[in-house]
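The values are calculated or read from the model by the stated rules, or taken from the named source; none is laboratory data. In this text, all values refer to a predicted model and were calculated from it rather than measured experimentally. With ideal geometry, Cβ positions are generated from the backbone for all residues, glycine too; neighbour counts draw on all protein chains shown.
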Amino acid sequence: MVEWIVPLTDGVVALLLMVIGGNLGSFLNVVAHRLPLGLSVVHGGSRCPDCGAAIRWHDNVPVLGWLLLGGRCRDCHGPIAPRYPMVEATAAVVIGGVAACELLSGGGTVPYGGLGPGRAGADNLLLRPDWRLVAYAAFHAWVLVDLLLAALVEADGRVVPRRWTTVTLVATLAAVALCDWLLPVGVWPGVFGGPAPAAPGWGPRGLVVGMVGWVVGLAAGAMVSPALRDGLGLVGAALGWQAALGVLLLVPVCRGIRRRCGALLAPADEPAVDTHPLDALPPDAPVLDAHGAPPSPSPHEAVAAGPSVGRRLRSAAAAGLGSEAGLGGDLFLATAIHLVAWRWWTGLWG
Ligand SMILES: [Zn+2]
């Protein structure tokens, strides 16, 4: 028997999920920019904000596209904000990572084993897929995508349109009403409580648990900060009131860790030797050109004119992580941690 093939397949599936997460992050960069402005999020490709040139598909590959171009536009060599690859990397690791934990554990993170006996591993996932498990992971990815989107809009100093918040909430409540098993916690033991029925079904139980979770999340979030209200309401609607309170307790922990990391990354006064691993691009990284035009100045020449790619990434990361605001990002991370651990976390609440 080839025992190594199972962990290898698990790794490949996890990598694939992270690639999907990175592409979601790339899409969210665009949506976060266009949604508050009332622009279409599906029509019109990405364009350079400086020269208006269309971004080629191969330059739009999450994280790698930015790194290979040295963080500059291929046409006008204007700088492209390091925020783009950082959001893509965050979405890849967090959203892809949570999906990988849920899918590869065969639903092992579900409270009460709500989806029945878990069948772990990529072999089960690929050969005998449980579609409820896939829907369950996709539902949680939807919640994380919404929270990351709200965090990005908040970081821009804008407001998520009220209509979008409402549509998101209604869609989430409809999902838990129509697919009862998506929300396998109760209001209280004995009150719409206990594990969800193992058989797929719809019913008032999911809707009641979702509504109670929404109200508790909304109220608890509003008491702490208006920036948390809608996000925590969504968490409650999708995962139950226990999750809303659990995530609320995790937010300050995430916030503390985030700001500590920001302080560690902040450039020191002395000119530190920049040993950022992302600086270690090969000196002749391939520069593709779809039109076969004469090679434009290599990213490395372009970068020579400004701070290095690593330095730009580092200072942008330090500014983002150390920011006083950013509660939306903390909520996103806290929810992701909760999703991976919620089987145990929810058990504490009965
Ligand atoms: Zn440009």
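Of the residues that make up the range 7-30, is at least one closer than 27 Å to A137 by Cβ, among the aromatic types (F, W, Y) and loosely packed, with under 13 Cβ neighbours inside 10 Å? No; the residues of the range 7-30 include none that is closer than 27 Å to A137 by Cβ, among the aromatic types (F, W, Y) and loosely packed, with under 13 Cβ neighbours inside 10 Å. Suppose we keep only residues that are more than 18 Å from V145 (Cβ to Cβ) and among the β-branched types (V, I, T) within the range 31-64. Which one would you say is modelled with the lowest pLDDT? This residue is I55. Residue count for the range 129-159, restricted to those that are within 15 Å of T109 (Cα to Cα) and buried (at least 20 other Cβ atoms within 10 Å of the Cβ): 5.
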